[in-house]
1. How about the range 32-48: which of its residues are surrounded by 13 or more Cβ atoms within 10 Å (Cβ to Cβ) and either free of Cβ contacts under 8 Å to residues at least 60 places away in the same chain or more than 12 Å from residue 12 (Cα to Cα) (or both)?
2. Helices (runs of 4 or more DSSP H) wholly in the range 70-173 with at least 2 residues that are free of Cβ contacts under 8 Å to residues at least 24 places away in the same chain - which ones?
3. Determine which member of the set 58, 88 is closer than 19 Å to residue 195 by Cα and surrounded by fewer than 17 Cβ atoms within 10 Å (Cβ to Cβ).
C-alpha cells in the first residue's frame, strides 16, 4: 500500500453531489451524481458509500478537500459546513479548493487556460490560470464577451469547462475549447479537488467563494429591537 496520505474530497457547488477518496495517484473510489436538490442529505451518505467501497475508515483520512465554489450559494454552504464538521470531529485539516481551479487542473493541466462554469442570466463564472495552475486574476461573473475582452492580453491557450458560454468565450479569444464531463461540461472533479488539497497549505479554514449575491431575498422588515 502507498504511504501517501488518504485524501477525502467532495463538492456540491452546483446541481450535483461528488466525492472521492484518493491516495497518491490511486483513486480508491469516486462518484458524481447529478441532482437539483437534496445535497445536504445525500452528500454524507455518498461519502459513507465511497468509504465502504474503498475499504477505508474515516480515521484514516489525512486531509479533507472541499469545493468552495463559485457556484450555487446553498450547495457551497452545504459542502463547506460538512467539511468543517468532519475536520473538527476527526482532528484533520479541511482545505478549500476553488471549483474553477479544479476544472483547470482536470481539463487543461500544463496549459494557460480560462476555467469556466455556468452562471446565470447569460453569464459565466470564469478565472484564468497559468500553465502551473497559479491564478492569473480573480474569478468573476461575466458574459463570454466580457471575459474575452478582460483577459485577451493573457494569450490563453484554451477555455475549459461549461459548454454554454465556454465555447463562445473560446471563439472570442481564438483559443481551443475543452468541455468537461456531464451535459453542461462543468461537472465537478472531486479527484482534482483531492490532489489540489494534497499540495495546499492546510492552515487556512475553507471559506465559500461567492461571485454574486445569494438568491435568498433579505427580510422585508428589520428585526425587533433587543430589550435589556
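1. Going through the range 32-48, the residues surrounded by 13 or more Cβ atoms within 10 Å (Cβ to Cβ) turn out to be 32-35, 39-40, 42-44, 46-47.
Of everything in the range 32-48, those that are surrounded by 13 or more Cβ atoms within 10 Å (Cβ to Cβ) and either free of Cβ contacts under 8 Å to residues at least 60 places away in the same chain or more than 12 Å from residue 12 (Cα to Cα) (or both) turn out to be 33, 35, 39, 40, 42, 43, 44, 46, 47.
2. Details: elements: 73-90, 99-107, 144-151, 163-173.
Once the helices (runs of 4 or more DSSP H) in the range 70-173 are filtered for at least 2 residues that are free of Cβ contacts under 8 Å to residues at least 24 places away in the same chain, what remains is 73-90, 144-151, 163-173.
3. Details: 88 fails: closer than 19 Å to residue 195 by Cα.
From the options 58, 88, the qualifying one is 58.
One line per residue, one yes/no per condition, for (1) out of contact with any strand residue (DSSP E or B) (no Cβ under 9 Å at 6 or more places or on another chain); (2) at pLDDT below 95; (3) over 22 Å from residue 80 (Cβ atoms):
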{"residue": "140", "(1), (2), (3)": "no, no, no"}
{"residue": "168", "(1), (2), (3)": "no, no, yes"}
{"residue": "171", "(1), (2), (3)": "no, no, yes"}
{"residue": "175", "(1), (2), (3)": "no, no, yes"}
{"residue": "187", "(1), (2), (3)": "no, yes, no"}
{"residue": "191", "(1), (2), (3)": "no, no, no"}
{"residue": "198", "(1), (2), (3)": "no, no, no"}
{"residue": "215", "(1), (2), (3)": "yes, yes, no"}
{"residue": "227", "(1), (2), (3)": "yes, yes, yes"}
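The values are calculated or read from the model by the stated rules, or taken from the named source; none is laboratory data. No experiment lies behind these values; they were computed from the predicted model shown. In this analysis, Cβ positions are derived from the backbone assuming ideal geometry, glycine residues included, and neighbour counts consider all displayed protein chains.
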